[in-house]
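Report on the following structure.
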Amino acid sequence: MSDEFAKAAEPVEAGPTVSDSEKTLTMVVYGLQAAAFLFVITPLIGIIINYVKRDDVRGTWLESHFRWQMRTFWYGLLWSIIGIITTFIIIGYVVWLANIVWIIYRIAKGWIRLAENKPMYSEP
C-alpha cells in the first residue's frame, strides 16, 4: 500500500516545460497587441515574433497562446478592413467598435490565462 501512496504523491508530467524567456516573450506579444491602440506598428511586430518563435513553443502549453495571439491579429485585421470598407454606409463604425471590444477581450483573457500558467484551450 505504501508504494501506491508514494506513486500518487509524485508530480504528474504536464508536458514539456517552458522557459521563463518563452513565457516572457508571450507576455510581450500580448503587450504589443495592447499597444496597438497607441502605435499601429506594434501588432505587426507581435505577429512576426509569433511566426519566428512558434517552433520554440511547439508542444508546450504556450503554443495555444501563440495560436490565440495569431488568430487575434488576423481576425482583428480582417474585421478592421471590413469596417473600413463599410464606413461609408455607417455600419463600419459598428464593426470597428465590435472589433475593438473583441480584441480587448482576447488580449485580457489571454494575459490572465498566461499569468495563471494555463493554456488557452482546455484539453479534453
Subject >> Cα centroid separation, segment 76-110 to segment 13-65 (Å) >> reply: 22
Original post:
Along segment 37-52, what does the Karplus equation 6.51 cos²θ - 1.76 cosθ + 1.60 (θ = phi - 60°) give for ³J(HN,Hα), rounded to whole Hz, x for Gly and Pro?
Top reply: 6, 10, 10, 5, 6, 4, x, 5, 5, x, 5, 5, 4, 4, 6, 6
**OP:** Give, as a single signed number, the net charge of other residues whose beta carbon lies under 13 Å from the beta carbon of Glu116, with Lys and Arg counted +1 and Asp and Glu -1.
**Re:** +4
Subject >> Local electrostatic count at Arg54 - Lys and Arg +1, Asp and Glu -1, tallied over other residues with Cβ under 14 Å >> reply: 0
Subject >> 5 Å binning of all Cα-Cα separations within segment 18-115, expressed as whole percents from 0 upward >> reply: 2, 13, 24, 23, 16, 10, 6, 3, 1, 0
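None of the figures in this text is laboratory data; all of them are computed from the coordinates on show. The shown structure was predicted, so the numbers you read here are calculated from the model rather than taken from an experiment. When we count neighbours, we look across all protein chains shown, and the Cβ atoms used for this are built from the backbone with ideal geometry, even at glycine.
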